[in-house]
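Take a look at the structure below.
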Amino acid sequence: MAGVSGAEAGRDCFHCGLPVPAGSRYDVTIDGQVRTMCCAGCQAVAQAIVDNNLLDFYRLRTRDSQRAAALVPEELKQLQVYDSGLMQRSFVRHHDQDVREAALILEGIVCAACVWLNEHHVQQLPGVLAFRVNYSTHRATLQWDNRRIQLSEVLAAIAAIGYRAHPFDPGRMESLQQREKSAALRRIAVAGLGMMQVMMMAAALYIGAASDMEAGMRQFLRWISLIMVTPVVFYADWPFFQAAWRDLRRLRPGMDVPVALALGAAYLASVWATVSGVGEVYFDSVSMFSFFLLSGRYLEMQARHKAGQVAEALVKLLPASANRIRNGQQEVVAVAELEPGDQVLVKPGETIPADGEVLEGAGPVNEALLTGESLPRLKQPGDRLVGGTLNMSSPLLLQLDRVGADTVLAGITRLLDRAQAEKPALARLADRVASWFVLFILLLAAAVYGWWHFHDPEQAFWITLSVLVVTCPCALSLATPAAITVATGRLTGLGVLTTRGHALETLARVDQLVFDKTGTLTHGELVVADLQVAKGQEPLQCRNLAAGLEQASEHPLARALLAFGPEPLPLTDLMSQPGQGVEGRYQGQRVRLGTRDFVAALAGDGMALAADAADFPGATAVFLGTGQQWLAVFHLRDRVRDEADAVVRELGKMGVKVHLLSGDNEGAVAHLAGMLHIRSFQARQLPDTKLAFVRTLQEQGAVVAMVGDGVNDAPVLAQAQVSLAMGQGAQLAQASADMILLSENLALLPVSVRLARRMQAVIRQNLFWALGYNLLAIPLAASGMLPPWMAALGMSASSLLVVANALRLRNG
């Protein structure tokens, strides 16, 4: 291969000529020789050149570039701007120093096969940790190791297989959708106009065939039809041919392959018949098929855009600019320029630009789109504010602590994208069936043509055409993702964030639901109802000592004790024991705060305080003691959520058995269980005993859902088949959960279960229709009872029906 050996000998990239990093394994086999590339981008481009039989690019390259960068594709140079840390601030989230995550938009996605191709191709790149594409929204979530691969290299690898990817931007997404819609309408207009003209010609030809039309007039009408249908094929139908060629190059036939074969074969056969004057023409079938198929794709696209509106609405919540205060001066800056520590003034009617804490001012803030709550919440100095919420009436000065991809809103959007992109078992099965189904279609069409060609050659072509058209598996691949996208969007609008793709599928099958007590069935806003101190102890000292022990805890019990102690004392060596309490040192002495047994292990069994739960029904006792003596016992009460009783009753009517597990004492747990009519309850539960309880239920064949909010709930949340965390709960609990109740309204639990069951029913209906339609349509088409235009109408209608059926969930 001329002019390339020098590049190889110097360990330069075979494609672009840049130096190859030490240890690089970006290899491509070219003409039987393994060639080394400098990066995944060059590897992808070189592989594309090989796959497309464009090796003359290398053979005819007679000299190396004087400057290595000259061989770097211009598009790759443009993509490298996305590697800039400043550019990535607005859309990239850092998991640690090198692992990063970004949301992307993919252009060129037309079917589920495109999604599979992109996921499979990108996940094979060294350094890519995860890549998921949401077919409904065409958004992708990419996670990569920045030491091994750059973002621009991933984008270049996607471009090499015929797609375009760029960082997600709500404005650009809206523009792309508008452009997609306009292009689709133009193609429909061309196809519709061509169909009307060609059908008039076809009507004349059919009438002429029955009335001995002159051969010259018949040939004239055929040529007019050819002229009319050509723009339909080469403009309106061009996306089908592009997608089919891309699939065939990668040896992964997708849904557009049989469509393109049917259109191309019918058109070419008709052109031959027109030019030669021998045979039949199918211009009317081509134009009608094109119009029906494009119309169906357009309606499907509209439904897909509607299905993704919830995620788009979340992203659009953030404003474009903010009023930053520096050195006492106010300046208007882009939200992308804000940094943690900045002070921002939010005027009445403005949107909070990022997450932070109120420094000055007080007033109501509307958090409806984040939590589902319609009533504004009063915010005062010290309260948290979340970016994307709306300041209603009073100026607020806040100090930012999270911006860009680290905000709560960005996290919610990522979780929603992940849930919609992750495929449950049913969706994966449908995709596998669809991918093999395309191959089955092609083999079936060949067999049908062979049979009819032997028995009735004149009918063979159009019958094969009908088989190719009628069996496109679009509806089969749309059946599951359309329903999941609509259902997750509906729940997000209500204030229930679905973070895992399998969550709704599993929630529909739940028959056992386990509740934590504090912060879940109750508000978790405990107050100290009573304090008993040991003889000789000072109440204020005990209050401040307890507050000092709880300074680092997020548990609701800790917040109550912190509020009860006006001046927390400084303690060292703080150590938490999940489900038991906390220990520390004060003035060199070990101090414990927590359950009776936990403190007794340090203070001894000589408890002289009257702490019988019967004296304080529904209260939680928290004990305080040192290595020498018992100091005090705090009795805390929590208010039961107003909707809890109705929720437990409703779940029971739905066939879901409710359990209550709590680390609290027997009296408090029994009192709450009695109020809510929960028959199965257990007190003094540690994380491992909760875990054992759930495992026992699962071993008995139960499908278990867990609802919790604390750090000690994280293990059991992970163990349950599906888990829900409260929106204001500990971060570890939310990280372990499959769904998050942003609004903390328990009434949404039965709503979620009901919607999940409806979603499963819709998926089953969609799959039944998609499979049933093909089982019915294939014999009709193969037997010659279904003309091509009717096959096109049926295929388009089947896809549209599947999406329309899924959209019914928006009202559920």
Residues of segment 509-537 classified as of a type in the set (A, V, I, L, M) and over 21 Å from G579 (Cα atoms), total: 5
Condition broken by T274, with the remaining ones in (1) open to solvent by 50 Å² or more (accessible area, probe 1.4 Å); (2) more than 18 Å from T471 (Cβ to Cβ); (3) not charged (D, E, K, R) satisfied: (1)
Residues located in segment 173-204, provided they are open to solvent by less than 30 Å² (accessible area, probe 1.4 Å) and either modelled with pLDDT under 75 or of a type in the set (S, T, N, Q) (or both): M173, L176
Hits in segment 410-436 - residues which are buried (at least 22 other Cβ atoms within 10 Å of the Cβ) and modelled with pLDDT of 70 or more: A410
Matching residues, segment 535-555, being open to solvent by 70 Å² or more (accessible area, probe 1.4 Å), hydrophobic (A, V, I, L, M, F, W, C) and at pLDDT 85 or above: L540
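Are any of the residues in segment 220-240 open to solvent by 30 Å² or more (accessible area, probe 1.4 Å), in contact (Cβ under 8 Å) with a residue 60 or more places away in the chain and of a type outside the set (D, E, K, R)? Give the steps one after another, and end with the answer.
As a first pass, look at segment 220-240 and keep what is open to solvent by 30 Å² or more (accessible area, probe 1.4 Å): 220, 223-224, 227-228, 230-231, 234-235, 238-239.
From what is left, the residues that are in contact (Cβ under 8 Å) with a residue 60 or more places away in the chain are 239.
Remaining after also requiring of a type outside the set (D, E, K, R): 239.
Taking every residue of segment 220-240 in turn, at least one turns out to be open to solvent by 30 Å² or more (accessible area, probe 1.4 Å), in contact (Cβ under 8 Å) with a residue 60 or more places away in the chain and of a type outside the set (D, E, K, R).
Can you pull out every residue in segment 146-161 that is touching a Lys or Arg at 6+ places or on another chain (Cβ under 8 Å) and either buried (at least 24 other Cβ atoms within 10 Å of the Cβ) or assigned to a strand (DSSP E or B) (or both)?
If we filter segment 146-161 for residues that are touching a Lys or Arg at 6+ places or on another chain (Cβ under 8 Å), which is where we start, we get 146, 151, 158, 161.
Hits for segment 146-161 are L151, I158.
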Evaluation of S553 against (1) within 37 Å of the chain's Cα centre (by Cα); (2) part of a helix (DSSP H, G or I) (one fails), failing number: (2)
Residue within segment 381-391 that is at pLDDT below 80, β-branched (V, I, T) and either touching a His at 6+ places or on another chain (Cβ under 6 Å) or open to solvent by less than 20 Å² (accessible area, probe 1.4 Å) (or both) present: no
Selection within segment 673-688 - closer than 17 Å to D645 by Cβ and open to solvent by 20 Å² or more (accessible area, probe 1.4 Å): G674, M675, H677, R679, S680, F681
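For segment 519-550, which residues satisfy the criterion of being of a type in the set (S, T, N, Q) and assigned to a helix (DSSP H, G or I)?
Applying the first criterion (of a type in the set (S, T, N, Q)) to segment 519-550 yields 520, 522, 532, 537, 541, 544.
Within segment 519-550, T520, Q541, N544 meet the criteria.
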Failed item in (1) buried (at least 20 other Cβ atoms within 10 Å of the Cβ); (2) β-branched (V, I, T); (3) modelled with pLDDT under 85, with V707 passing the rest: (3)
Filtered residue count, segment 556-588, keeping only those that are touching a residue at least 40 places away in the same chain (Cβ under 8 Å), part of a helix (DSSP H, G or I) and surrounded by 21 or more Cβ atoms within 10 Å (Cβ to Cβ): 4
Among residues of segment 644-687, those that are more than 23 Å from L746 (Cα to Cα) and without any contact (Cβ under 8 Å) to a residue 12 or more places away in the chain, counted: 0
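Given the criteria open to solvent by less than 70 Å² (accessible area, probe 1.4 Å), closer than 15 Å to F515 by Cβ, of a type outside the set (F, W, Y) and touching a helix residue (DSSP H, G or I) at 6+ places or on another chain (Cβ under 7 Å), does A670 qualify?
Values: open to solvent by less than 70 Å² (accessible area, probe 1.4 Å): yes; closer than 15 Å to F515 by Cβ: yes; of a type outside the set (F, W, Y): yes; touching a helix residue (DSSP H, G or I) at 6+ places or on another chain (Cβ under 7 Å): no.
So A670 fails the test.
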Among residues of segment 614-642, those that are surrounded by fewer than 17 Cβ atoms within 10 Å (Cβ to Cβ) and at pLDDT 90 or above, counted: 0
Odd one out for P170 among (1) modelled with pLDDT of 85 or more; (2) open to solvent by less than 40 Å² (accessible area, probe 1.4 Å): (1)
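The values are calculated or read from the model by the stated rules, or taken from the named source; none is laboratory data. Note that the structure is a prediction, hence the values are computed from the model and not measured. When we count neighbours, we look across all protein chains shown, and the Cβ atoms used for this are built from the backbone with ideal geometry, even at glycine. For accessibility, only protein heavy atoms count, side chains too; no ligands or nucleic acids. Shrake-Rupley method; radii C 1.70, N 1.55, O 1.52, S 1.80 Å.
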